[in-house]
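The values are calculated or read from the model by the stated rules, or taken from the named source; none is laboratory data. Bear in mind that the values here come from a model prediction, so they are computed numbers and not experimental data. Methodologically, a virtual Cβ is constructed for each residue, glycine included, from the backbone with ideal geometry; neighbour enumeration extends over all protein chains shown. Calculation scope for accessible area: heavy atoms of the full protein, side chains included, ligands and nucleic acids excluded. Shrake-Rupley method; radii C 1.70, N 1.55, O 1.52, S 1.80 Å.
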Amino acid sequence: MALWASQASQPAYLGQLGGASAVPVEGRLLEGHTSPRPVEGQLLDSRPSARPDASPTVRSGARRVANSEPFELVDELYRLNSPVKKFPPLQFPSDRVRDGIRDGTKKKVAKELGLQHFGQPVSPGALVPVHSRQVFLFSDEGVNAAGHGATNGGGDYLMGRFEVLSVVATADYDENWRFVRSNTSDAAKKPFWVLHAAAINIGETERATDYQDYANEMGKLELIHYIEDMGRIYDNILQSAEKLGVTSLVFFPFGMGAFLRNLYKLDADYSEANLHGQRLKELRHALAKRFVKAVSDSTVERVHLCIAPSGKGDELDANATAFLTEMLLSIKSGQLKPRVMEVLLNADALSTAQRLADDNRCVGLVNGANRRMVGNHWFSYGARMAIDENLHRRSWRMASTAYLLNGGAEAVRRHPGELAARVKGLGGKVIPLQTTNDSSDAKGEVLKQFRKWDTSGDGRISKDEMCKVLLAVGIAQKDCDIIFSAADSNKDGFLSYHEFVYWLLGGQSPPSLTPVRV
């Protein structure tokens, strides 16, 4: 059920923001205006031009690429009637431009909050802009899948691990960091929701904050617990979007960039030298598969996936390939309807959210948040490429609400329940999420499945053992051979527990299967 409100409770700021297509107040969603479709700027909006070149050497724009896999997957999705749109490659601003916009946003925040200077702690009598009163904290308390670790707010953390914080924003600067003026016939841009959620950091540096919570007694990553908890975060994001009445959710490869980049330094199994990087590839696919499942179980009408494959065989390509592959398999299996997820090549997430909101849609933009501070240190000189910081630099409304929720511009020790208290203090609400994911027994369930397949009880699964199970459920012999070969990553003729886990969680996806009658 969406969070709506009565027409009589309409706040004055709705006129200032140009309609409430994304801002429910206290009863029902206030109707937006009927306006012409906004100009889509550099969007190549015709279907033929949105397709990648289907030539043997796939092109990105007019440029030949070394790695064509993500573009070929996009082409196949397009043929299956999955919506695809292509934008020109993003051009990142110079430090001078970025720093100038950041400083301008700081001044705007200080002015709107009535601060004597940016950095001043928030006092009880601080000004609260009307948009900052539209804030919801979707709470999910409890332990993680491993049964230990700091999951709730308090101490070093403002946000709980599984919480989703929703605030109202508009985009002040576009993908090229140019000031955004309204594209509609209304006087102002239309607002949208920003859903702050914190991905699990298991590899940003050698001191990744969450790695120890997901390491076993040997110091190795406990994959099942990690995937289960990331899946819980995905589910909470989608559930929060449903409660807000979101119809268009803007998403990106959440938690799959910097948070995995140095995982190999903590667990050598994920190094490029080990099986040519197969373990990390399987991990990305397991995450993508879990997200696609969350989408297929949700009632959100459309998820807009912003990806930017480079064609260089790098991290950008790996993330794009994981999501596109799992989307494709889910569509072919009937789990996902083709038009539920839209692929946006090279699209800027913030500009996409604003464009959709201006088109009278109820929009939610997912942000990879920092648990210590909402917006992290967006006001400093670091994090030049981070999505969290740059979203706040480009939206003063987002930044001002973050300032109020943080209590200022410093990461300080937090008391339990501090974020909930601040949300309520602004006039917002705390809404418990319904958690259906009891992941504490996840490892036990997988072990049970492993023992079921390991009929000889020697701690590994032979090809004959696996094929007996597959044949019994109607899989053809030739497909059994293909599946086993895909799962047996070290090619020793057996599946270890580790290999079985990756295969079960979707890391190495099998091809289309041909059932036979039994």
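Hey, if we sort E326, E206 by accessible area with the 1.4 Å probe, largest down, what's the order?
E206, E326
For K265 paired with A472, estimate the spin-label separation in nm (one decimal), with each label point 7 Å from Cα along the Cα-to-Cβ line.
It is 4.7 nm.
Could you compute the net charge surrounding A318? Neighbours are other residues with a C-beta less than 12 Å from the C-beta of A318; K and R count +1, D and E count -1. Present the calculation step by step, with values, prior to reporting the outcome.
Numbers: positive: R261, K281, R284, K312; negative: E69, E272, E282, D314, E315, D317.
Here the count lands on -2.
Quick one: length gained pulling S380 to E206 fully straight, 0.36 nm per residue minus the C-alpha distance?
60.3 nm
Please arrange W193, W396 by accessible surface area, largest first, computed with a 1.4 Å probe and ligands excluded.
Final ranking, largest accessible area leading: W396, W193.
How big is the accessible area of S330 in square angstrom, nearest 10, if you roll a 1.4 angstrom probe over the protein chains?
Rounded to the nearest 10, the figure is 10 Å².
Ordered by packing density, taken as the mean number of other Cβ atoms within 10 Å over each peptide's residues, highest first, how do 307-316, 225-234 rank?
Sorting 307-316, 225-234 by mean packing, highest first, produces 225-234, 307-316.
Sticking with the crude label model, points 7 Å out along Cα→Cβ, report the distance from D156 to E141 in nm, one decimal please.
The two pseudo-label positions are separated by 2.2 nm.
Rounded, prolate or oblate: which fits the stretch 70-159, taking a ≥ b ≥ c as square roots of the Cα gyration tensor eigenvalues, rounded meaning a/c under 1.5, else prolate when a/b beats b/c?
Judged from the Cα gyration tensor, the stretch 70-159 comes out oblate (a/c at least 1.5, b/c at or above a/b).
Report T321's accessible area, 1.4 Å probe, all protein chains in place, as a number in Å² to the nearest 10.
Accessible area of T321: about 10 Å².
Order I224, I431, most accessible first, counting only protein heavy atoms with a 1.4 angstrom probe.
My answer, sorted largest first, is I431, I224.
Quick one: how many Å² of S400 are accessible to a 1.4 Å probe, rounded to 10?
Taking all protein chains as shown, S400 has close to 0 Å².
Assuming a ≥ b ≥ c are the square roots of the Cα gyration tensor eigenvalues, decide whether the stretch 246-332 counts as rounded (a/c under 1.5), prolate (otherwise, with a/b larger than b/c) or oblate.
Since a/c reaches 1.5 and a/b is larger than b/c, the shape of the stretch 246-332 is classed as prolate.
Between A188 and E272, what's the calculated FRET efficiency when r is the beta-carbon distance and R0 is 56 Å? Round to 0.05.
0.70
Accessible area per residue for the stretch 135-286 in Å², computed with a 1.4 Å probe and the full protein assembly in place, what is it?
Counting only protein heavy atoms, the per-residue value for the stretch 135-286 is 33 Å².
So, with a 1.4 angstrom probe, what is the percent of accessible area on the stretch 190-253 that is carbon and sulfur?
Values: 730 of 1700 Å².
Carbon-and-sulfur percentage of accessible area, whole number: 43.
Could you list which residues have their amide H under 5 Å from that of E342, counting only those 5 or more apart in sequence or on another chain, with H placed in the peptide plane?
Under 5 Å from the amide H of E342 lie the amide H atoms of V303, H304, L305, each far enough along the sequence or on another chain.
What FRET efficiency do you get for L127 and D492 if R0 is 51 Å and r is their Cβ-Cβ distance, rounded to the nearest 0.05?
0.15
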